[in-house]
Amino acid sequence: MSKTVKVVYVWFALVIASLLAPAGASLDRDDLGAGPTLDDAQAVVAVMTGADKSSVNFSMSEEGSLFAQGTAVAWLGNTPPPWGRNGVQAYYPLPSRDFPAMADRLEADGWRIGDTTADGFGAARGVVRMRVLTGVVSKFSVPGQSPDEASVPDMATVQMKHTISEPALRLSWVLWLVGALAGAGIARLVRGRPGIWGTLGFSLLSVYAVWSTALLIVDTVEHLGGGLADVSEFFWIPKLIAWLGIPVTVIWLVAVLARRARSAQPAAGDGSAEAVAGDGRGQHGGQTAADHGRGQADADRLPRVADEAQTDSDHDAQHQ
């Protein structure tokens, strides 16, 4: 197997794997667009500060489509989730020097704490992921606030979102492996030579593959870690390119199979003709051998006949 053929095997395996993996994450489809709310953020800040929830008031907050919603939105069978409901950011005076104590309070409340630094820390509980960062980290502009006005001493940003569930993550990776095997099978079917149209189809699908794989990796990091990872989605761009690549790839593959079937039929016919010709040659050879045997037997009898005729002639001469 040449190096180029090996590259095609790996390429096809990764592309088909990335097409199937999001189907597993789509188990969380109902959770898309239903992330944490400002009320959830108030409850978390109350735990971190040891204050009553009713006393926590956010002077600035953002509730909207702030974060990547993971591999589930990559599934080609899913429509985009509702805009403005997948995450929340709240801004509250939380001195960074108190971050270790805040993390301890969250841990006592059942949260799993990630890495804690001077700039912030992450936490996880169930499918909720959170991070606390120093300063105002605005995803969008805060209405009525300029950057200078938003710069409040000891202000911190609290970000919260939902991540992929464990069953969905497991199924995603299982389907990823199944897709990789299927992709390698397609590469073997075409003998590692995709041609122009196969290359075009898989090139279009590769854009989607990179995006889908990145989301799956981010989901895995978020699920296993104690914090919030983020990646830009732009879900309509890779999906659009994928929907262009799918028909090109399917038509190419059908054409390859049809051409393979047509080429196999004459080959079968030629084999039958050769078999018939071979039988004819065998029968002719057998007849020739039999004729040769009979001729040889006749030749062996001729000397005996000649000797008998000569003996009879000598006997008649003596009798006379």
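Values quoted throughout were computed directly from the atomic coordinates according to the rules given, and no laboratory measurement underlies them. Predicted model, so just to flag it, every value in this text is computed and none were measured. Cβ coordinates were reconstructed from backbone atoms using ideal geometry, including for glycine residues, and neighbour counts include every protein chain displayed.
Below is a table of values for the structure above.
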{"quantity": "Spin-label model distance (nm) - residue 55 vs residue 261, 7 Å beyond Cα toward Cβ", "calculated": "7.6 nm"}
{"quantity": "Burial ranking of peptide ranges 192-202, 162-172, 109-119 (average Cβ count within 10 Å, highest at the top)", "calculated": "162-172, 192-202, 109-119"}
{"quantity": "Amide proton proximity set for residue 60, modelled H, under 5 Å, gap of 5+", "calculated": "91"}
{"quantity": "Cβ crowding within 10 Å averaged over residues, with 35-45, 14-24 ranked highest first", "calculated": "14-24, 35-45"}
{"quantity": "Mean Cβ neighbour count within 10 Å, used as a protection proxy, ranking 241-251, 52-62 highest first", "calculated": "241-251, 52-62"}
